[in-house]
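A.B. asks: Structure below; questions to follow.
The values are calculated or read from the model by the stated rules, or taken from the named source; none is laboratory data. Here the structure is a predicted model, which means the values were calculated and not measured. Note that we place each Cβ from the backbone using ideal geometry, even for glycine, and neighbour counts take in every protein chain shown.
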């Protein structure tokens, strides 16, 4: 009998704790820069009216013996409803013979792994003494990013700004109780960001929500919310004044509006990308050069993150009691 593991949304965080996921992401990015991974550009199929899309993200990590695919839908109009804007599944296959090993909820996995990559970037690029965090956005990614920042830095102050003060207040109350820390809601993004040395932008905005003039010397920014060429969270000055890092250069040049729009304006060119995160992980390129550097990590999300996370979940689930193994094809079909 051939069995496949099914892991639901609630079980993913139990099998993929944030601190573990940060280390999994470090290994995945090192594999990418060492040419131990194969990852074509993601394919996106948009609905005719532009209201939603289906994304397909395959990858093979030879060093981890993992191959897989994330199929995820993106429907921005779900914001504020009972449904997440991103939904789907990550399929993990056995690299040796192609057996389907696991089907894992993509919403929860994506939320954890995206924040874990920002946590890795913060660990590598933020000042060692950074501890004043500003969250711009109050959704699922804001929640997981707070967890990731707590995992890599000792935070002395946490502020949050959202579309409305009410949303910021709700987030602050909930997350203060969850983590036993003080989270302060702010009426404006400028209020939240002023004086911060770690900033995470996790919004669905298509126009800049973070202005470069608000950033303090030495600040580090994780720009996460936008992953299409025509949308951005950072204004041109924020990008121009920064040492700019990306998850993958090829992906950034195709999808990162935070970079492509300033490039289209003539403010920067491709040389403004200092390095991929994996190059910093393996020590091939220096990250922060001076305490006053403003660093930006632009994330668009990579399939290697999903596949590496899925493999970790699969390994942890076996014998743990989490997830459910079901009989699911794969065997040779014999004719009657």
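A.B. asks: Within the stretch 83-95, count every residue that is at pLDDT below 85 and surrounded by fewer than 18 Cβ atoms within 10 Å (Cβ to Cβ).
C.D. replies: Of the residues in the stretch 83-95, 1 are at pLDDT below 85 and surrounded by fewer than 18 Cβ atoms within 10 Å (Cβ to Cβ).
A.B. asks: Can I ask one more? Could you count how many residues in the stretch 38-60 are modelled with pLDDT under 95, surrounded by 16 or more Cβ atoms within 10 Å (Cβ to Cβ) and in a strand (DSSP E or B)?
C.D. replies: 1
A.B. asks: Identify the residue in the stretch 66-82 that is more than 19 Å from the chain's Cα centre (by Cα) and loosely packed, with under 15 Cβ neighbours inside 10 Å and, among all such residues, is nearest to residue 16 (Cα to Cα).
C.D. replies: Result: 82.
A.B. asks: Could we say that residue 73 is modelled with pLDDT under 95 and in a strand (DSSP E or B) here?
C.D. replies: Working: modelled with pLDDT under 95: yes; in a strand (DSSP E or B): yes.
So residue 73 passes the test.
A.B. asks: Another one. For the stretch 206-220, what are the residues that are buried (at least 18 other Cβ atoms within 10 Å of the Cβ) and closer than 16 Å to residue 261 by Cβ?
C.D. replies: 208, 209, 210, 212, listed by residue number.
A.B. asks: A follow-up question, please. Scan 189, 246 and give me the residue that is buried (at least 19 other Cβ atoms within 10 Å of the Cβ) and within 24 Å of residue 289 (Cβ to Cβ).
C.D. replies: Going through 189, 246 in turn, just one is buried (at least 19 other Cβ atoms within 10 Å of the Cβ) and within 24 Å of residue 289 (Cβ to Cβ): 246.
A.B. asks: Of the residues in the stretch 196-211, how many are under 28 Å from residue 113 (Cβ atoms) and either more than 20 Å from the chain's Cα centre (by Cα) or assigned to a helix (DSSP H, G or I) (or both)?
C.D. replies: Number satisfying all stated conditions: 1.
A.B. asks: Does residue 225 satisfy being within 28 Å of residue 286 (Cβ to Cβ) and either assigned by TED's automatic domain parsing to the domain that holds residue 43 or under 18 Å from the mean Cα position of the chain (by Cα) (or both)?
C.D. replies: yes
A.B. asks: While we're here: Mind checking which pairs have a first residue in the stretch 191-214 that is assigned by TED's automatic domain parsing to the domain that holds residue 239 and on the phi > 0 side of the Ramachandran plot and a second that is outside any loop (DSSP other than H, G, I, E, B) and buried (at least 20 other Cβ atoms within 10 Å of the Cβ), Cβ under 7 Å, 6 or more apart or different chains?
C.D. replies: Correct list of pairs: 195/132.
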